[in-house]
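Heads up, the thing below is written out as structure tokens.
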Amino acid sequence: MRSQSCPLCSNFALSSNCSSIPSLAWIKCTQVGTSSVRLMFLISASVHKVLTRPCMSSLIFLALDLVSVPTGPWLTEPCQKPTTRHSFINSHYQKKMGSLRAILSNPDDLYPLLKLKMAARHAEKQIPPVPHWGFCYTMLHRVSRSFALVIQQLDTDLRDAVCIFYLVLRALDTVEDDTSIATEVKVPILMDFYRYIYDREWHFSCGTKDYKVLMDEFHHVSTAFLELGRSYQEAIEDITMRMGAGMAKFICKEVETVGDYDEYCHYVAGLVGLGLSKLFHASGKEDLASDAISNSMGLFLQKTNIIRDYLEDINEIPKSRMFWPRQIWSKYVNKLEDLKYEENSVKAVQCLNDMVTNALMHAEDCLKYMSALRDPAIFRFCAIPQIMAIGTLALCYNNVQVFRGVVKMRRGLTARVIHRTKTMSDVYGAFYDFSRMLKSRYDASIVDQVDGTDHKARETKDRLEAILRTCRDSGTLNERKSYIIRTKPKYNSTLIVIIFIILAILIAYLSSTRPYNMCKFLKKIKKLLNGNDFILSDTLFFLPAGLVSTF
Ligand code: IN0
């Protein structure tokens with residue numbers, strides 16, 4: 001069955017589970033294609049349910065339960081333990097509840113979330129009918145979620161090249177990641193991968209879930225690759241060759257020194273930066289950026305991922321994956337896995353802060369790279385992941401939860417970043433806010449320190465101050481909307497709530513007494529929204545946000 005977005009739990013791609021809520025089944029059959037109107041119907045359906053059904057008390061208890069659970073810090077998703085297959089159903093329910101709770105406690109997220117969801121739906125409709133391109137764009141959406149939307153808004157030629165580049169790299173990564181492949185089989189595949197992209201017959205089955213589908217049906221990717229312009233093909237081929245060789249080198253080598261760490265990150269991410277700079281240049285839209293700053297763009301993202309994914313990587317079955325350099329962790333513990341044990345929490349957090357300080361070294365190059373971009377779509381494509389990265393570092397710094405579960409930016413905040421990032425002043429604003437947040441976490445960590453063993457304290461401070469200075473010197477900070485201090489809503493929420501409740505009750509009343517009138521009413525709304533499916537007027541979005549904020 002086709003998956004659907006759910007207005008209640010805000011998941012971008014939900015399975016049909018949501019229809020187990022009777023009111024939602026009713027909403028689906030109205031077929032009015034906008035989330036905000038669906039949300040209004042959801043509320044009216046709940047009112048209807050409360051008016052007509054005996055399970056009212058259980059609904060009220062559920063609502064009370066949801067709003068009374070203490071919420072976590074506003075920037076994060078409630079901390080999740082890494083999921084196992086056995087806990088899927090339970091975690092799916094918890095995720096939904098977590099999402100609803102997150103929206104209730106951060107109603108400002110609702111507008112960007114709805115907008116993002118509509119963009120996702122719009123993007124789905126745009127998947128090309130040609131089978132190989134259809135496969136590539138469908139896979140892109142499955143393996144990269146929100147990032148696929150940012151790729152989608154690039155101009156056609158460049159978009160196709162980036163989509164194929166992304167899938168080729170994901171495929172290479174799938175081979176590297178699959179711990180069940182013997183080294184003597186894996187190394188030659190990695191080394192020769194750049195040849196396979198020209199061969200429609202080639203495939204190698206490995207990986208799991210969506211990645212297995214990507215590998216099994218790789219001929220679609222090579223068919224699409226062969227249709228790209230020659231300069232795009234050359235850039236992709238060159239990077240695939242160098243990355244495959246680098247990955248092969250690290251199959252038999254541990255990340256010992258900080259130099260090794262930089263080298264490994266260069267192969268798996270820095271080269272992506274070099275490749276993307278070549279693709280942008282080949283599109284005729286940008287000057288060719290230097291290798292050094294292109295490399296930093298990838299390193300900043302990859303080092304953030306390596307820090308955030310510590311627990312997932314160390315718990316990998318059948319074998320741990322270890323990317324934290326020994327030169328750093330050996331100052332705190334004897335074995336990398338010791339960081340996850342509670343008795344080592346103090347050392348673990350110090351080691352974590354050391355790793356974050358190391359990643360921050362690339363932030364200024366990234367600002368330099370982004371400030372040189374001219375094309376607005378390319379700019380957004382580059383800027384959104386970078387803001388997500390500095391936001392993630394701010395969440396991770398001095399946070400022991402990195403060693404207990406998954407520390408991630410809230411989905412609503414991700415949506416807000418996607419929604420707000422348009423110009424370089426937005427980037428300076430976001431880097432400034434998240435660096436200030438890092439600085440206050442740093443100040444707190446210094447106060448907490450009993451033995452003064454933070455080897456990197458001075459360096460952390462210097463790096464943060466350098467980033468803050470660059471952002472300040474841009475002279476654009478007062479144009480920004482802060483990510484930290486929440487701005488007041490521009491609308492009169494009381495009035496909106498009243499209108500909303502009246503509409504909800506009206507719909508509930510009509511649906512229970514005069515279904516025919518109800519149909520007419522729905523048709524009118526649908527007509528009103530016709531042609532306005534993707535970009536809805538702000539007023540409609542503010543309605544649900546206003547309503548939820550008063551709950
Ligand atoms: C990326 C990068 C990416 C985007 C834009 C400019 C870049 C410049 C230099 C290097 C990389 C650049 O962005 C993606 C983001 C992504 O995939 N996000 C995931 C979220 C997540 O947590 O994984 C999503 O699902 O939305 C990225 O992480 N990488 C990547 C890969 C290929 C390309 Cl073409 C661009 C992976 C990596 C290893 C960091 C380079």
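A few notes on this one:
- When residues in the range 133-150 are screened for being away from the ligand (no atom under 11 Å from the Cβ) and either crowded, with 19+ Cβ neighbours inside 10 Å or modelled with pLDDT under 95 (or both), 4 of them pass.
- Flag if I306 is of a type in the set (V, I, T), open to solvent by less than 20 Å² (accessible area, probe 1.4 Å) and touching a helix residue (DSSP H, G or I) at 6+ places or on another chain (Cβ under 6 Å): no
- Here the range 309-325 is the region considered, the condition is being assigned to a helix (DSSP H, G or I) and open to solvent by less than 40 Å² (accessible area, probe 1.4 Å), and the residue that is farthest from the ligand (Cβ to nearest atom) is I314.
- Exclusive hit being within 16 Å of N305 (Cβ to Cβ), within 20 Å of the chain's Cα centre (by Cα) and surrounded by fewer than 21 Cβ atoms within 10 Å (Cβ to Cβ), set V406, V402, V356: V406
- Looking across the range 331-370, just one residue is closer than 17 Å to E256 by Cα and hydroxyl-bearing (S, T, Y), and that is Y332.
- Any chance Q153 is within 28 Å of E234 (Cβ to Cβ), touching a residue at least 24 places away in the same chain (Cβ under 8 Å) and within 16 Å of the ligand (Cβ to nearest atom): yes
- Answer residue from the range 447-461, given it is open to solvent by less than 70 Å² (accessible area, probe 1.4 Å) and out of contact with any Phe, Trp or Tyr (no Cβ under 7 Å at 6 or more places or on another chain) and is modelled with the highest pLDDT among those: E459
- Looking across the range 226-247 at every residue that is surrounded by fewer than 21 Cβ atoms within 10 Å (Cβ to Cβ) and farther than 19 Å from A161 by Cα, the one that is farthest from the chain's Cα centre (by Cα) is identified as A245.
- Hits in the range 380-408 (condition: more than 10 Å from the ligand (Cβ to nearest atom) and of a type in the set (A, V, I, L, M, F, W, C)): I387, I390, L393, A394, L395, C396, V400, V402, F403, V406, V407
- Scoring K347 on the criteria (1) away from the ligand (no atom under 11 Å from the Cβ); (2) within 21 Å of T460 (Cβ to Cβ); (3) open to solvent by less than 30 Å² (accessible area, probe 1.4 Å) leaves a single failure, condition (3).
- Per the conditions (1) modelled with pLDDT of 95 or more; (2) surrounded by 14 or more Cβ atoms within 10 Å (Cβ to Cβ), the sole criterion not satisfied by A508 is (1).
- For the range 243-266, residues that are more than 21 Å from I181 (Cβ to Cβ) and not hydroxyl-bearing (S, T, Y) total 8.
- Criterion (touching a Gly at 6+ places or on another chain (Cβ under 9 Å) and modelled with pLDDT of 95 or more) met by exactly one of L413, L373, L311: L311
- Inside the range 162-216, residues that are more than 16 Å from the ligand (Cβ to nearest atom), surrounded by 15 or more Cβ atoms within 10 Å (Cβ to Cβ) and in contact (Cβ under 8 Å) with a residue 60 or more places away in the chain make up a count of 3.
- Qualifying residue in the range 417-430 (condition: among the acidic types (D, E) and within 19 Å of the chain's Cα centre (by Cα)): yes
- Selected residue (criterion: nearest to D354 (Cα to Cα)) from residues of the range 242-301 that are within 15 Å of the ligand (Cβ to nearest atom) and of a type in the set (S, T, Y): Y261
The values are calculated or read from the model by the stated rules, or taken from the named source; none is laboratory data. Just so it is clear, the model here is predicted, and its values are computed rather than measured. Here Cβ is always computed from backbone atoms with ideal geometry, including for glycine, and neighbour counts include all displayed protein chains. For the accessible areas, the whole protein counts, side chains as well, though only heavy atoms, and no ligand, DNA or RNA atoms are used. Shrake-Rupley method; radii C 1.70, N 1.55, O 1.52, S 1.80 Å.
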